[in-house]
Structure formats: C-alpha cells, structure tokens
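Notes for the one structure printed next.
What follows is calculated from the coordinates using simple rules that are stated; it is not laboratory data. Not measured: the values here are computed from a predicted model. Counting neighbours? That spans all protein chains shown, and the Cβs are built from the backbone with ideal geometry, glycine included.
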Amino acid sequence: MSVSFPPGFLWGTATAAYQIEGAVREGGRTPSIWDTFSHTPGKVENGDTGDVAVDHFHRRADDVRLMSGLGVNAYRFSVSWPRVQPTGRGPAVQRGLDFYRALVDELLDHGITPVLTLYHWDLPQELETAGGWPERDTAYRFADYARIVAEALGDRVDRWTTLNEPWCSAFLGYASGVHAPGRTDPVAALRAAHHLNLGHGLAAQALRTALPARGQVSVSINPSAVRARTDTEADLDARRRIDALANRVFTDPMLHGAYPADLLSDTEHLTDWSFVHGDDPAVIRHPLDSLGINYYAPSVVSAATDSDLPPERNDGHDGTRSPWPGADGVAFHQAPGDVTDMGWPVDPTGLYDLLMRYTREAPGLPLVITENGAAYPDKPGYDGTVHDPERIRYLHGHLSAVHRAMADGADVRGYFLWSLLDNFEWAYGYGKRFGAVYVDYDTQARVPKSSARWYAELARTGVLPDC
Ligand code: IFM
C-alpha cells in the first residue's frame, strides 16, 4: 500500500563542505583539521584528500540546477569555517561569504529552501593547534563564527543548524582517532563533547541575536539506536553505558539542562568533569525549533566476554582504540541481516525507535531527518546509466519507518537524503558512494542514479509507493 506525506514536508538532499567543495587553497581558505589529517599518510584510505573532492566550489551553479532537476524542495549544506574565518578568529573573508551567498541565492531562485549547518567537522587547524575542542575557548570562537555567518546570510537563510553529529567530532576525533584531528585521549574526548555542547548553546544564542524573528535554530545529532544483545542485567547495563556516551551526553544537556548522573559516575575514574562550569548546562539548553536526527544503522551491545573484541563502534574501522571512554567491558556485535557497503546493517526499526524516543522525550519539538542513506558500490552500466536498486530499497524501508512514526505521533517535518552526490567519505576516502547522483571522479561528470529519479518522484508527489 502506498502512503502519503503531508504537504509542506521538506524533501531534501544533504552534503558537507569538506566532502564536496575542493578548492582548499582558494579565496583565502586556510587548512582545517581535515586537510591536515587527510594529508597525513595512513589516515585516509588510498591517501585520498578533499583537495578537489567533487569540485563543487567551481560547479556550484550546475549542482543547484541538478538539484532543481531532481525536484527536491530543500538542500542541507555546511559552511566551511576556514573558508569564511580562516584562522578561526577575527574578521571574515568576504570571498568566502560570497560563495555561500551565491549558493543561497541560486537555491532560492530555484525554489529550494537552504538549510545551513555551521559545523560539519572542519575546524580551522589554527584552533586545533591552540587546543581544539577540548579547550573551552573553542566554544567561544564557534559562537563568534556563528554570529559572522548569521549576520551575512540571515536575511536569506531561515533554517540554521549549529553542529553536525557532535559525537563524531568528540569521540572519533579525540578518542578513537579515526577522524581528524586523530587524537586518542579519552579525557580530551569528554572535554571535547562538553565544549561542543557549550559551543552549540553559545552559537544558538548568537544566532537568535543576529537572525530575524523567523530564523530557526537546530542541531543535528546522530543518536544511536542501541540494543542489548540479551536482556540479562549485564547486557542491559552495557546498553545503558553506551546510550549515555552516544546519546544522553548530548541530548540531556541540550534538552534538559544537565549531564546524566550515570555518565558522570561511569567516567569518574577518568575525570571529575570540573570543565563544566556553573552556568554551562543552562547555556547549552537553548530552546530549539527542531531537532535534527541523522540515522544509518542500529548498534548491538553486550557485556564483553573473553572471546569478544575490544569495544569498537560497528563502523567498519578496525582500529584498536575505543571511541567510548569509560565503557571498558562493553562489546559491540554485528546486527543480523543485510549490510550496506559500509558493513552497516540495514534496519529501519532503529529510525522508528529514535523518532518515538525523542517524541516522548521532547514533546512538542519538531523532528527532521537531516541525514539518512546508504553506500553501495555503484557503477555505470554499458550504456552509462547507474542502477542502484539496493539504495531504493534502503530509502523505501526507512521512509516507511518515518511514516509509521508520524502515524504514531512523531512530528517529523522533513527528510534529507545523504547524499546529493558521491563524495569524500572521510577516513574511507572516495571508496564509498553515498550519492543519489554518481560522480565520475576522473571527469567530475554527474549521472543521476535510478534512486535519484525514484526520490524525485517522491519529492514531487509526496507519495511513497509500494516497493
Ligand atoms: O558522510 C557522513 C556525513 O558526513 C556525516 N554523517 C554520516 C555520513 C556517512 O558516513
């Protein structure tokens, strides 16, 4: 049976600056932590970097036309901090702001709503050299940068997101080290998590001050749908611990103004959390206009037994450093069923569960799926077309879960397919393709896959057909 989404639902695609722009040395841009990291041998598969990426910096207008052809009504992109404020301090570089102003104007000319993310992981390297997110000052620098971008674009962008997936910035960046800046210090990761939260709250305040009344403020988290392998007390406790580190470390201060007591006690052997100052939780709990949820796959955990591997997130990395400070004794397991090219299980029920969880936890707060999608090893056929039926099945399953959650009371306002284009997939380089549009990395030619046409029809009609 086909199902319909309400009129006004946002049907979008999403990207991030470092993953698509390239042009890393143009217009006064200076290196971000991802430039440094990707140029460090052994950090990114195949030695890939974002130097050229998919050349969106030069192909911006064509990419907007491409989106318009797909019929989407919204586009989520991120601003590169080192492109607009190269050292992370001081005045903005006009050429950097002009790029985003032109992008936004082209989107608006095509009837596409811009949804702007301020931070999708590309911290100016100079701020990392000064200590990065483990240092409190970075949160204040982020709020200044938010003000600069809001003053420049607030007259034409209504939807603002502070951070994208602060879990990845804090725990993959500073604990497991598989993301930039590649540090492996669990205490630095907890400090980073707090300063990202603080930066979010301070930036949200700065946005409210700088934006017209219609401006909307949000944050995109990647909550984990954590499942216990069994319902033994030990496995349920493993789930509680990972839920604290994956989810509540961000959502408790953001939504409720306090860190979870169990998180503080689970990590007390590492830190006394004295880096949280008196008013910080109140600053972090800035009222939001919506909550962005990025979802790909659930996690299955248990109490570790002797035969289990060290606690790693099921993300395809086989590094031995854990991204989970204080969660020794927890093991991760592969969920059963199909997997994507990332090795991530395909399980839309995790998305349903998360939508219902935040519906209960934050009544009245609208939800937006700000990322969902899958990587598959897509290749053009003999006639140059690219068929990706697995991606259509993945999207269909997840959108059915969104619809079911809405029928059960979740106030979901939009869905953003990750990603518009194949692009630089962080530590995996260009080997993993998430795009609805195929990119030939030799010629930069764009070829909409069959999923792009399928999604265009959905965006046009709002009707999810039977699959
Ligand atoms: O490519 C990333 C994106 O930058 C953040 N969310 C997950 C995506 C797929 O790994």
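Which log10 I(q)/I(0) values does the chain give at q = 0.08, 0.09, 0.10 Å⁻¹ under the Debye formula, counting every alpha carbon as one identical point scatterer? Taking Cα atoms of the chain as identical point scatterers yields -0.42, -0.54, -0.68. For region 134-292, the average shadow cast by the Cα convex hull is 9.8 nm², which is a quarter of the hull's surface. Under a model in which nothing but the beta-carbon of Lys, Arg (+1) and Asp, Glu (-1) is charged, the chain shows a dipole of about 1080 debye around its Cα centre. For residue 434, the residues whose amide H sits under 5 Å from its own are 423, ignoring neighbours fewer than 5 places away on the same chain, with H placed 1.01 Å from N. Between amide H atoms placed 1.01 Å from N, distances below 5 Å from residue 73 occur with 11, all of them 5 or more places distant or on a separate chain.
Within the shell defined by Cβ-Cβ distances under 12 Å, the residues around residue 121 carry a net charge of -4, with Lys and Arg each +1 and Asp and Glu each -1. Backbone amide hydrogens, once placed in the peptide plane, bring residue 414 within less than 5 Å of 10, 369, excluding anything fewer than 5 places away on its chain. For region 363-467, a simple Cβ point-charge model (Lys and Arg +1, Asp and Glu -1, everything else neutral) yields a dipole of about 100 debye relative to the Cα centre.
Considering only 175, 362, 111, the residue lying farthest towards the positive end of the dipole of the chain is 111, judged by Cα position with unit charges set on Cβ. Couplings 3J(HN,Hα) for region 226-231, derived from phi with the Karplus relation 6.51 cos²θ - 1.76 cosθ + 1.60 (θ = phi - 60°), are 8, 10, 7, 5, 9, 9 Hz, where x marks Gly and Pro. Each Lys and Arg contributes +1 and each Asp and Glu -1, all at the Cβ; summed about the Cα centre of region 54-135, the dipole is approximately 120 debye.
Converting phi to 3J(HN,Hα) with the Karplus coefficients 6.51, -1.76 and 1.60 and the offset θ = phi - 60°, region 188-199 yields 4, 5, 5, 4, 4, 4, 5, 6, 5, 4, 5, x Hz in sequence order, with x at every glycine or proline. Once the trypsin sites (Lys or Arg not before Pro) in DSSP loops with at most 11 neighbouring Cβ atoms within 10 Å are cut out of the chain, the longest remaining piece is 215-467. Kindly provide the Kirkwood hydrodynamic radius of region 341-467 in Å, to one decimal, from all pairs of distinct alpha carbon atoms. Averaging 1/r across every pair of different Cα atoms and inverting gives 15.6 Å. With helices as the sole contributors, the chain gives -10500 deg cm²/dmol at 222 nm; each DSSP H run of n ≥ 4 counts as -39500 (n - 2.57), and the sum is divided by every residue. Just want the answer: with Cβ charges of +1 for Lys and Arg and -1 for Asp and Glu, which residue in 350, 17, 327 is farthest toward the dipole's positive end in the chain? So the residue furthest toward the plus end is 17. The ranking of 120, 403 by Cβ neighbour count inside 10 Å, starting from the fewest, reads 403, 120.
Farthest toward the positive end of the dipole of region 176-323, out of 303, 228, 206, is the Cα of 206, where the dipole comes from beta carbon charges about the Cα centre.
Phi angles of region 89-102 translate, via the Karplus equation with coefficients 6.51, -1.76, 1.60 and θ = phi - 60°, into HN-Hα couplings of 9, x, x, 7, 8, 4, 4, x, 5, 4, 4, 6, 5, 5 Hz per residue; Gly and Pro are given as x. Starting from a Cα-only point model with no solvent, please compute log10 I(q)/I(0) by Debye for region 46-114 at q = 0.12, 0.17, 0.23, 0.27 1/Å. These q points yield log10 I(q)/I(0) values of -0.38, -0.71, -1.04, -1.20.
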